[in-house]
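Trainee: One structure, as structure tokens, below. Some questions next.
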Amino acid sequence: MTLTEKILANGAEVESVQAGQFITVKPQVILGTDLTAPLSIGIFRRMKATRVTNPDQIVLVVDHFTPANDRRSAEFSRFVREFVDAQGIRNFFDVGRGGISHLLLLELGLVVPGDIVIGADSRTCTGGVLGAFAAGVGSTDMAAAWALGETWLRVPETVKVEYSGRLQPWVGGKDMILRLIADIGADGARYRAIEFCGETIDTLPLSHRTTLCNMVVEAGAKNGIIQADETTLNWIRPRAKRNVRLFRADPDAKYEEVRRYDVSNLAPQVACPSISSNVKPVEALGTIHVHQVVVGSCTNGMIDDLRVAAGILSGYTINRKVRMIVLPGTQKIYKQALEEGLVATFTDAGAVVLPAGCGPCTGAHMGVLANGETAVTTTSRNFAGSMGDPGSSVYLANPAVAAASALTGVITDPRHIKK
Amino acid sequence: MESRFRGRALKLGPNISTEQILPARYSTLTKPEDLVPHVFEGIDPLFMSRMKKGDIIVAGANFGCGGSREIAAIAVKLSGLAAIVAESFSRIFYRNAMNIAFPLIEAAGVFPGIAEGAIIEVDLDKGLVRDITKMRNFHSVPYPDFMKTLMQVGGLEEYVRQRVKKTEL
Ligand code: SF4
């Protein structure tokens, strides 16, 4: 069995599972946010359920509209708070106490290797970075899981992606995943698991691994996963609140496909509008003027990402035609950025630092683009309208490219910034 | 739910995202009558004015990609559309639609094969889409048993309601 199949078989309490099979599992974590949980709360009531099966399975985070941006979203957050109180849910993270749910799960050790995580948010796949099975589901799914303590899953086929070679400076997880999505297409891994491995992964820091797993859904995948190793365990040990179960893929595991990449010559990649598979190496872009630059989100909002961006900006001010927004992933990351002087670097350069949360990533709150405007962003989605007006354009890139572009006002190869 | 029905084909392209189905700014709307006017507004602001109850969307690959907001699938169901036929669907959208018992049919060749306005017939049991106008068939894999159950009981909400009731008895 593959790594994903191993975890799912364990979760379903059976000897083995195979791709295509429908199973029922009790997830260790059921994740919801202020965007999707209110709908689930209504459905939960209509299901005539009164108590959740296990409040400790449930994690709820106010991150999408934080602090609330209008009366409706304020109302949404209130539904969540009331539900949390009524059901005795301990893992609840409100404005100022948390940050973006997916990074919070990692930061607090709420996900550990071997877990099954479902969440009513498409980026739930981020949790796979710690060697867990983590997949996004819908609001009805979440309500059903609250009520029954279990959920249905179809065991996905697995695609193995093996990386070799050493990454160039300014190149990382974002570029690796954008290249993969470009090659297999925005639906190239639909319904599938993607298992990342190889010597490049072995030495890849957790932040870059997080970006890889976070974006698998952009290729349509159900989950992305990296087998837990020393890097994972070093991260987990001081944080985990539960037992870790280490699974590995069998040597004779059946993969639907195996892809191999040598990353030695990989350049920074940029996904052009309006689909994540429309990817070009940064040097092939030509002159593209940008109005807004965003660094952060659950895709690239860890401290490493902020350090890279600050490293490029330090000593410079950003182009006068550009607004730059920095979006730390969690409150803790914000604090660390403050302590390391990164927030000072950003503000000195002329950027605005937002509270930890989804910010402009939802396209509805703080940093909305106007018709005809262009943004380069480290977030994960560049569909028409994903950051505001349908007539705006979004380019996806790594934090170095985004910061370099903020300095020049055009999408820029960070290798050209003199340091 | 009827397992066989006919409707008029309304075509949309490939890679239709949940943002195009229902822009995120409407996702805090809770009343059906507030939601429905905005269905497909992100791709065609006039969509709801040309759509009639019982119409069937015919789309390209990867329909429903993007965010997992179930409200997008719910809004489509509330709009009165009968089904969506596409080359393929994104995973979470598919799951959401199954959970609310809104029929999606994945069949190769439908997007180039079926013209705007054609009358098509969908047979969920057989996994068949038929273009009545051109008398042409497109085949899909019939639903697995678990999904058939969901469709029959009217979705996951009803399925859970029945189970919750049983445990209380
Ligand atoms: S940061 Fe963006 S992609 Fe991540 S959870 Fe928030 S809205 Fe979704």
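Trainee: In region A:45-70, how many are within 16 Å of the ligand (Cβ to nearest atom) and part of a strand (DSSP E or B)?
Mentor: Here the count works out to 3.
Trainee: Still on this model: Name the residues in region B:41-58 that are crowded, with 22+ Cβ neighbours inside 10 Å and within 12 Å of another protein chain (Cβ to nearest Cβ), would you?
Mentor: Answer for region B:41-58, where residues must be crowded, with 22+ Cβ neighbours inside 10 Å and within 12 Å of another protein chain (Cβ to nearest Cβ): just B:GLY42.
Trainee: Right, B:SER88: free of Cβ contacts under 8 Å to residues at least 60 places away in the same chain, within 9 Å of chain A (Cβ to nearest Cβ) and small (Gly, Ala, Ser) or not?
Mentor: In short, yes.
Trainee: Just the residues that are within 21 Å of A:LEU369 (Cα to Cα), in contact (Cβ under 8 Å) with a residue 12 or more places away in the chain and touching a helix residue (DSSP H, G or I) at 6+ places or on another chain (Cβ under 6 Å), please, taken from region B:1-38.
Mentor: B:THR18, B:ILE21, B:LEU22, B:ALA24, B:TYR26, B:SER27, B:HIS38 - these are the residues of region B:1-38 that are within 21 Å of A:LEU369 (Cα to Cα), in contact (Cβ under 8 Å) with a residue 12 or more places away in the chain and touching a helix residue (DSSP H, G or I) at 6+ places or on another chain (Cβ under 6 Å).
Trainee: Which number in (1) among the small types (Gly, Ala, Ser); (2) more than 8 Å from every other protein chain (Cβ to nearest Cβ); (3) within 28 Å of A:ALA135 (Cα to Cα) marks the one condition that B:SER17 misses?
Mentor: Here B:SER17 meets the rest and fails (2).
Trainee: Still on this structure, please answer the following. What is the residue count in region A:151-206 for residues that are within 30 Å of B:MET147 (Cα to Cα) and hydrophobic (A, V, I, L, M, F, W, C)?
Mentor: Count: 10.
Trainee: Going by what's in this entry, would A:ARG97 be described as surrounded by fewer than 24 Cβ atoms within 10 Å (Cβ to Cβ), closer than 23 Å to A:ARG45 by Cβ and away from chain B (no Cβ under 14 Å)?
Mentor: No.
Trainee: In region B:118-137, what residues are within 17 Å of the chain's Cα centre (by Cα) and in a strand (DSSP E or B)?
Mentor: Across region B:118-137, the qualifying residues are B:ILE119, B:ILE120, B:GLU121, B:VAL122, B:ASP123, B:LEU128, B:VAL129, B:ARG130.
Trainee: Do we have A:ALA145 as in contact with an Asp or Glu (Cβ under 9 Å, 6 or more places away or on another chain), crowded, with 24+ Cβ neighbours inside 10 Å and touching a residue at least 12 places away in the same chain (Cβ under 8 Å) here?
Mentor: Taking the combined requirement at face value, the residue does not satisfy it.
Trainee: Given the options A:GLY119, A:GLY114, name the one that is within 22 Å of A:GLY11 (Cβ to Cβ) and more than 13 Å from the ligand (Cβ to nearest atom).
Mentor: A:GLY114
Trainee: Another question, if that's okay. I'd like to know if region A:4-21 contains one or more residues that are surrounded by 18 or more Cβ atoms within 10 Å (Cβ to Cβ), within 16 Å of the ligand (Cβ to nearest atom) and more than 10 Å from every other protein chain (Cβ to nearest Cβ).
Mentor: no
Trainee: Shifting gears a bit: What number of residues in region A:153-167 are at the interface with another protein chain (Cβ under 10 Å from one of its Cβ atoms) and surrounded by fewer than 22 Cβ atoms within 10 Å (Cβ to Cβ)?
Mentor: Going through region A:153-167 one residue at a time, the tally reaches 1.
Trainee: Continuing with this model, one more query. May I ask you to list the residues in region A:106-149 that are in a strand (DSSP E or B) and facing chain B (nearest Cβ under 10 Å)?
Mentor: Hits for region A:106-149 are A:GLY119, A:ALA135, A:GLY136.
Trainee: While we're on this one: Determine, yes or no, whether B:VAL76 is within 28 Å of A:THR379 (Cβ to Cβ), away from chain A (no Cβ under 12 Å), modelled with pLDDT of 95 or more and surrounded by 22 or more Cβ atoms within 10 Å (Cβ to Cβ).
Mentor: Yes; evaluated as a whole, the condition is true for this residue.
Trainee: In region B:20-40, what count of residues is obtained for those that are under 18 Å from B:ALA86 (Cα atoms) and either at the interface with another protein chain (Cβ under 9 Å from one of its Cβ atoms) or of a type in the set (Phe, Trp, Tyr) (or both)?
Mentor: 2
Trainee: Still on this structure, please answer the following. Which ones in region A:39-60 are touching a Lys or Arg at 6+ places or on another chain (Cβ under 9 Å) and within 11 Å of chain B (Cβ to nearest Cβ)?
Mentor: A:LEU39, A:ARG46, A:MET47, A:LYS48, A:ALA49, A:THR53
Trainee: While we're looking at this one, here's another question. Looking at A:PHE83, A:PHE65, A:PHE76, which one is in contact with a strand residue (DSSP E or B) (Cβ under 9 Å, 6 or more places away or on another chain) and of a type in the set (A, V, I, L, M, F, W, C)?
Mentor: A:PHE83
Trainee: Another question about this same structure. Give the residues of region A:213-235 that are farther than 17 Å from A:SER101 by Cα and more than 14 Å from chain B (Cβ to nearest Cβ), sorted by residue number.
Mentor: Result: A:ILE225, A:ILE226, A:GLN227, A:ALA228, A:ASP229, A:GLU230, A:THR231, A:THR232, A:LEU233, A:ASN234, A:TRP235.
The values are calculated or read from the model by the stated rules, or taken from the named source; none is laboratory data. Keep in mind that this is a model prediction, so the values were computed, not measured. With ideal geometry, Cβ positions are generated from the backbone for all residues, glycine too; neighbour counts draw on all protein chains shown.
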